[in-house]
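Asker: First the structure, then my questions, so here it is.
The values are calculated or read from the model by the stated rules, or taken from the named source; none is laboratory data. Note that this is a predicted model, so its numbers are computed, not measured. Note: ideal-geometry Cβ built from the backbone for every residue, glycine included; neighbour counts use all protein chains shown. Heads up: the accessible areas ignore ligands, DNA and RNA and are worked out on the full protein's heavy atoms, side chains in. Shrake-Rupley method; radii C 1.70, N 1.55, O 1.52, S 1.80 Å.
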Amino acid sequence: MAYFEVSSRLRDSFLSNYEPPLTTAATPFTMVVTFPLTASAAAKSQFEEVVKNKALKMSLPWEEHNDHDITGATSLEEARRAALDLLLFAFSKEIKQDSEKGEDQVERQIAKCFTPQDSEEDETSDRGFEVLLFTSVDKDELFLCVRMTLPEALRVAYSAQYRLQLSNDAIRALDIELPDWDDNVPAYVKYDPYYLKELTNGNIENVRSLLQMHESPTGEMSPLRSVDRIRLLSDLVMHNINLNLWRRHGIIGQIYPAHCRRPLLILRQRWASFSKLFCLRQPIDEIRDYFGESVAFYFAFVEFAVRSLLLVVACAVGLHIYGIVRGHGWDKSSHVVYATIISLWSTIFLEMWKRQQATLANRWGTDGTNHSSVQEQLSPYFDGAVIPFEGNTKKLVWGPMGNRAIIGRTVAILCTVLFSGVVLIAVYANLCLHGYLRRNGDNIGANLTSIALTLQIKFVDFVWSGWSTKLTILENNQFESTLHHSRSRKLVVVKLMNTFAGFFYIAFAQQFIEGCPQDGCMPVLSQSVFFVYVSYIVFGLMDVVVPILQVKWAVVSEAEKHRKETGVEAKPLSLLEMQAKMPSYSGSEQSDDFLQIFFPIFFVMFFGITFPLATILVPIVFLLQLRCDAWKLVHAYQRPYPLMAVSIGEWRMQLLEGVCYAAVFVNWGLIVFQLDLFQGYDTSQKFVAFFAGEQILLTLKVLIAWVIPDVPERVRVMSVRQDVQRDRFFNEEAETMNFALENKQEVTEQMAKSLSDTFGLRTMGKYPGLDEHSKYYEQPLI
């Protein structure tokens, strides 16, 4: 088996770390990059095509370091060797600090204030990065684990204008007085060590009290959370080296943020345990600190949905008890009341979630303008080129190439429309078969077709989930967020047709085309809705089973392969190596989880009156889904990149709002056309009654949305206070930093040189230093 021949200078530095770490290792590494040590014939052939097409040269214009040049690689093994040498060279470079520079001395002093003596950070404060290099248990993979030390992370945070949260002591130092300090949410401001020193009046030891401190994975207090380090390191590396391109060409295996054992175990015990299945309270802030705001917003939404649905369940149970007491069960009046409740509840649900969303965004500092130069993650499937920046043609940026995006979108739209047509035909065929069996008295067969419709919905969703990913890749989206949003929109379009076409046909079209049974179409709708709710419980459990089986199969098959080749049993995998066997959790998986929550809500909004008591199952579905999603994130998936977010997503909010208004038409339409309330009316009179009723409900919904403000008064007050704090901070900073502004060009060049020395690459002015008004930043060239 071939191993990498790392250059002698680097091999001497890392040779002692080639053995796998202990299974109980708790080192909080930030990023892991894996290198396959073997290659199939297909992978080698594919790489030869890449070299033949000069794809590497197009994306890796790096000439000043021939010792680590990857562009001249002629084989996959040679490219992997050069890539490993490059990364080791980058992370082994020691940042040169000029002690004669007052600015550098301040940065070092501030960083030391945040680094307690005798701590792990203090021992490694002179090095920018810690690197662990080891081979897998079966010797077929090489792991490069990188940890950014706190002093280095603070230096990058300052260069990137990364925002950190002030403390109440900092607000007092700004000469601001507040009436309620305990309930205050301090502002997030860009990290600036120079002004922090000024706020302490020269007593630099007090700087720790000026920023909000967080518990680090090692148990120490730090102004940076683990997700902050992941973002800063990923942005620093991906700006200079396009690792996604390397991965697509087979040069590297995987890239993922490393799980941290200590906070991971805490989340497993306090949050992801099924013993807390019916516990509604979640550690949302801890989830945000470990997984990022995007994942935290998802779980906050699920918790909010469960609490809101309990009100609908209470109304359904109350009306059912009322009907039993009166001796008539669910009569016409009960259905009308329940339909009105659902129509108005949907608006209250949406408006109250907007308020909750605004509260969380304000508390997490994502509601304001982010001037940080930390960029979005590039799509791993993006195929671009180095092109002139349209704002300044002297600068080069990483941008789209040719008309591939236009062609890809056209193909994706046509395929989506075609697939939607096939889905509608399949649904109509099922309904025709159901009607034929029912008319011939085969009730068992008719019931089986209802079950088949539910299974058909799940099967089509599974098939389209894979196809939509392939179609979205054709669009050549530049950023990962746009990639996942585009895929989600395709999923929603087809899923809405696939899921609700049959129900809408039974509710509104069947009576005019083939007629309803003697007891009406409502019983058929009730039966179908019940089967759908049960299917969500069953398939929700599969969300846990599938990734666990994937991990177990990968570990067992690899251990069996190692036993056959060596004749000895494989050693237990470390946490770092185990993560390489786990599937990744990206925006696509999160979008699927959102749809798993959205569609039961849509069923309640659309067809809740067909089987009111079945809504009791929906909170159970959500509680199970919440715990399953939490469990798989901390047990079965790689740690996702911590995406920032201000909400669950603008397009998701638009989807919810559209469904909320559509619910009025569906509920009132069911009352008019399916219940006996308007039995004596002809078709035209029914349409008049339908138009009058839905207009009244729409008016009430608009009034409710107008009365309930989207932003709570407390959040509005906090936003005003935070604006004052930021204005005071930056105004004071401008007054105390005149000396830096006078030498701005010198300081900026020094920062660029520091980053260049770190990676051996030219940064092309990505980090603008003190220029807080810089708005445009280049994309990675390598």
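Asker: Take the residues of the stretch 424-434 that are modelled with pLDDT under 85 and out of contact with any Ser or Thr (no Cβ under 7 Å at 6 or more places or on another chain): which is nearest to S535 (Cα to Cα)?
Answerer: L431
Asker: Out of V317, V306, I need the residue that is in contact (Cβ under 8 Å) with a residue 60 or more places away in the chain and either basic (K, R) or exposed (fewer than 15 other Cβ atoms within 10 Å of the Cβ) (or both). Which one? Don't jump to the end; show me each part of the working.
Answerer: Details: V306 fails: either basic (K, R) or exposed (fewer than 15 other Cβ atoms within 10 Å of the Cβ) (or both).
Step by step, each of V317, V306 is checked, and only V317 is in contact (Cβ under 8 Å) with a residue 60 or more places away in the chain and either basic (K, R) or exposed (fewer than 15 other Cβ atoms within 10 Å of the Cβ) (or both).
Asker: Being surrounded by fewer than 19 Cβ atoms within 10 Å (Cβ to Cβ) and either modelled with pLDDT of 85 or more or closer than 30 Å to L243 by Cα (or both) is the filter here, so list the residues in the stretch 435-460 that pass it.
Answerer: Selection gives F459 alone.
Asker: Counting only residues that are surrounded by fewer than 20 Cβ atoms within 10 Å (Cβ to Cβ) and of a type in the set (V, I, T), how many does the stretch 257-301 have?
Answerer: Number of matching residues: 2.
Asker: Continuing with this model, one more query. Looking at this structure, is G649 more than 30 Å from I548 (Cα to Cα), out of contact with any helix residue (DSSP H, G or I) (no Cβ under 6 Å at 6 or more places or on another chain) and of a type outside the set (F, W, Y)?
Answerer: Criteria not met by G649.
Asker: Please specify each residue of the stretch 87-106 satisfying the condition of being modelled with pLDDT under 80, under 32 Å from the mean Cα position of the chain (by Cα) and open to solvent by less than 20 Å² (accessible area, probe 1.4 Å).
Answerer: Going through the stretch 87-106, the residues modelled with pLDDT under 80 turn out to be 89-106.
Next, from what is left, pick out any that are under 32 Å from the mean Cα position of the chain (by Cα): 89-92.
Correct list: A90, F91.
Asker: Okay, next question. How about the stretch 271-295: which of its residues are assigned to a helix (DSSP H, G or I) and modelled with pLDDT under 90?
Answerer: Narrowing the stretch 271-295 to residues assigned to a helix (DSSP H, G or I): 274-276, 284-291, 293-295.
Of everything in the stretch 271-295, those that are assigned to a helix (DSSP H, G or I) and modelled with pLDDT under 90 turn out to be F274, S275, K276.
Asker: Among (1) open to solvent by 70 Å² or more (accessible area, probe 1.4 Å); (2) closer than 30 Å to L174 by Cα; (3) in a helix (DSSP H, G or I); (4) in contact (Cβ under 8 Å) with a residue 60 or more places away in the chain, there is one condition L677 misses while meeting the rest; what is its number?
Answerer: Condition (2) is where L677 drops out.
Asker: Can I ask one more? Is it fair to say V312 is surrounded by fewer than 17 Cβ atoms within 10 Å (Cβ to Cβ), modelled with pLDDT of 75 or more, over 23 Å from M238 (Cα atoms) and over 23 Å from the mean Cα position of the chain (by Cα)? I'd like the intermediate steps shown before the answer.
Answerer: On the way: surrounded by fewer than 17 Cβ atoms within 10 Å (Cβ to Cβ): no; modelled with pLDDT of 75 or more: yes; over 23 Å from M238 (Cα atoms): yes; over 23 Å from the mean Cα position of the chain (by Cα): yes.
It is false that V312 is surrounded by fewer than 17 Cβ atoms within 10 Å (Cβ to Cβ), modelled with pLDDT of 75 or more, over 23 Å from M238 (Cα atoms) and over 23 Å from the mean Cα position of the chain (by Cα).
Asker: Quick one: count up the residues across the stretch 153-168 that are charged (D, E, K, R) and either at pLDDT below 85 or touching an Asp or Glu at 6+ places or on another chain (Cβ under 8 Å) (or both). If you could, list the steps in order and put the result at the bottom.
Answerer: Quick first cut of the stretch 153-168, residues charged (D, E, K, R) only: 155, 163.
Cutting the leftovers down to either at pLDDT below 85 or touching an Asp or Glu at 6+ places or on another chain (Cβ under 8 Å) (or both) gives us 155.
Number satisfying all stated conditions: 1.
Asker: Filter the stretch 496-518 down to residues that are β-branched (V, I, T) and surrounded by 14 or more Cβ atoms within 10 Å (Cβ to Cβ) and give me whichever is nearest to F598 (Cα to Cα). Don't jump to the end; show me each part of the working.
Answerer: So the first thing to find is which residues in the stretch 496-518 are β-branched (V, I, T), and the list is 499, 506, 513.
Then drop every residue that is not surrounded by 14 or more Cβ atoms within 10 Å (Cβ to Cβ), which leaves 499, 506.
Working: T499: 12, I506: 22 Å.
Checked the stretch 496-518; the qualifying residue nearest to F598 (Cα to Cα) is T499.
Asker: Still on this structure, please answer the following. L236 - would you say it is farther than 27 Å from K632 by Cβ, outside any helix (DSSP H, G or I) and out of contact with any Ser or Thr (no Cβ under 7 Å at 6 or more places or on another chain)?
Answerer: Details: farther than 27 Å from K632 by Cβ: yes; outside any helix (DSSP H, G or I): no; out of contact with any Ser or Thr (no Cβ under 7 Å at 6 or more places or on another chain): yes.
Here the answer is no, as L236 does not meet what is asked.
Asker: Going by what's in this entry, would A554 be described as part of a helix (DSSP H, G or I), small (G, A, S), touching a strand residue (DSSP E or B) at 6+ places or on another chain (Cβ under 8 Å) and at pLDDT 70 or above?
Answerer: Numbers: part of a helix (DSSP H, G or I): yes; small (G, A, S): yes; touching a strand residue (DSSP E or B) at 6+ places or on another chain (Cβ under 8 Å): no; at pLDDT 70 or above: yes.
Taking the combined requirement at face value, the residue does not satisfy it.
Asker: To continue, here is another question. Quick one: is D592 modelled with pLDDT of 80 or more and of a type in the set (D, E)? First the steps, then the outcome.
Answerer: Numbers: modelled with pLDDT of 80 or more: yes; of a type in the set (D, E): yes.
For D592, the condition - modelled with pLDDT of 80 or more and of a type in the set (D, E) - is met.
Asker: Taking the options V185, V227, V207, V189, name whichever one is open to solvent by less than 10 Å² (accessible area, probe 1.4 Å) and under 18 Å from D723 (Cβ atoms).
Answerer: Numbers: V185 fails: open to solvent by less than 10 Å² (accessible area, probe 1.4 Å); V227 fails: under 18 Å from D723 (Cβ atoms); V207 fails: under 18 Å from D723 (Cβ atoms).
From the options V185, V227, V207, V189, the qualifying one is V189.
Matching residues to (1) assigned to a helix (DSSP H, G or I); (2) within 26 Å of S528 (Cβ to Cβ); (3) among the acidic types (D, E); (4) open to solvent by 10 Å² or more (accessible area, probe 1.4 Å):
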{"residue": "A405", "(1), (2), (3), (4)": "yes, no, no, yes"}
{"residue": "C415", "(1), (2), (3), (4)": "yes, no, no, yes"}
{"residue": "V422", "(1), (2), (3), (4)": "yes, yes, no, yes"}
{"residue": "S468", "(1), (2), (3), (4)": "yes, yes, no, no"}
{"residue": "V494", "(1), (2), (3), (4)": "yes, yes, no, no"}
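Asker: Can you work out which of the residues in the stretch 630-651 that are among the charged types (D, E, K, R) and at pLDDT below 90 is most open to solvent (accessible area, probe 1.4 Å)?
Answerer: At the first step, the residues of the stretch 630-651 found to be among the charged types (D, E, K, R) are 632, 639, 650.
Now drop any that are not at pLDDT below 90, which leaves 632, 650.
Details: K632: 7, E650: 134 Å².
Here the answer is E650.
Asker: Could I ask something else about it? Considering every residue within the stretch 695-712, establish whether at least one is open to solvent by 30 Å² or more (accessible area, probe 1.4 Å), modelled with pLDDT under 90 and not in a loop (DSSP other than H, G, I, E, B).
Answerer: No; the residues of the stretch 695-712 include none that is open to solvent by 30 Å² or more (accessible area, probe 1.4 Å), modelled with pLDDT under 90 and not in a loop (DSSP other than H, G, I, E, B).
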